[in-house]
Each structure stands twice: as structure tokens, then as C-alpha cells.
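The values are calculated or read from the model by the stated rules, or taken from the named source; none is laboratory data. Being a predicted model, the structure only gives us computed values, none of them experimental. Positions of Cβ are backbone-derived with ideal geometry, glycine not excepted, and every protein chain shown enters the neighbour counts. Heavy atoms of the whole protein, side chains included, go into the accessibility calculation; ligands, DNA and RNA do not. Shrake-Rupley method; radii C 1.70, N 1.55, O 1.52, S 1.80 Å.
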Amino acid sequence: MKEALFDTAKKGWQSPWLVGQCWIWGIILFCSFLAALGLRYTSLPSDNVTVISYIVNAGALFAGGLASGRRAGRKGWMIGGIQGVLFVLLVWLLSFLAFDAAPTINPLAFLCFAFAVGGLGGMIGVNTKP
């Protein structure tokens, strides 16, 4: 019997979609706070902010894909990849509405990268025991 993708998702706080997004945004907020402290109280040059943000985003996407794939228990590459796509869409929406800013990197490359990193995390997450 064929099951739809959303049939495997649990409801409420147990939803792989919600858990993955919470992990992504929680890691980004925490690491951004640490980076801000590092920039303020150490001799870390502000030229490194771009590299730090790329590393933080990649790590957060991987962790969010891993958490959502682990929670779903199957189709980890797709669930993790969609987590990455949701993240990119939210970032674009926030940057457009809050800051009236256009993307500074190639949007298609960012979307593919987010899908790949989230999908990799989802594949690994499905193969771990909850």
C-alpha cells in the first residue's frame, strides 16, 4: 500500500517537520550569539563573519535533517532535503520582508546546497536509533 509523505509525520510536537525546523533555528540562534560574543570580546576579525555564517548554516541544516529523519524513521533524504528547502524559503521571506534585501548568493545554488546538506543529515538520521 502506497503511503503519502505526510502520512508518516506525527502530529503536534512529535512532527518531524517541526522538530527539524526547531533544531535548525535553535542552532543558528545559539551559534550566532556565540559568534557575536566572539566578535565583540576577542580579536576575531569581522571579515570572517561570512565564513562563520556559512559553516553555522551548514551545520544547522545537517542537524535539522538528522533530527527530522530520525523522528520520521524513513525517507530521510526527502524529509531532510525538504527541511533545507523550507529553511531557504524562510530565509528568503525574512530577508525580503524584514530587510528588503535581495539574495547575495546564487539562489539556485543556495537551494541545492540546503537540499543536499539536509538530505545527507536525513539519510544519516534515519539510520540511527531514536
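At a 1.4 Å probe radius, carbon and sulfur cover how many percent of the accessible area of segment 20-130?
Carbon with sulfur: 74 percent of the solvent-accessible area.
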Exercise for the section: Considering Cα pairs under 8 angstrom that are at least six residues apart, work out the relative contact order of the chain and quote it in whole percent. Expected result: 31 percent
Fill in the blank from the handout: In the chain, taking the dipole from +1 charges on Lys and Arg beta carbons and -1 charges on Asp and Glu beta carbons about the Cα centre, the listed residue (L37, W77, I52) farthest towards the positive end is W77
Exercise for the section: Name the most mobile residue of V91, V56, V117, meaning the one with the largest mean-square fluctuation, in a Gaussian network model of the chain with Cα contacts below 10 Å. Expected result: V91
Practice task
May I ask which residue of W23, I124, L111 lies farthest towards the positive end of the charge dipole of the chain, with charges of +1 (Lys, Arg) and -1 (Asp, Glu) on Cβ and the Cα centre as origin?
Solution key: I124
Fill in the blank from the handout: With every protein chain kept in place and a 1.4 Å probe, segment 15-130 has an accessible area per residue in Å² of 59 Å²
Handout entry: Per-residue SASA entry for C22, accessible area with 1.4 Å probe, Å² rounded to 10
Key = 70 Å²
Handout entry: Dipole magnitude of the chain about its Cα centre (Cβ charges: Lys, Arg +1; Asp, Glu -1), debye to nearest 20
Key = 580 debye
Problem - Long-range tail of P(r) for the chain (Cα pairs > 20 Å, %) - result: 48 percent
Practice task
Using a 10 Å Cβ count of at most 13 others and DSSP loop calls, identify the longest part of the chain lacking such trypsin sites (Lys or Arg not before Pro).
Solution key: 12-73
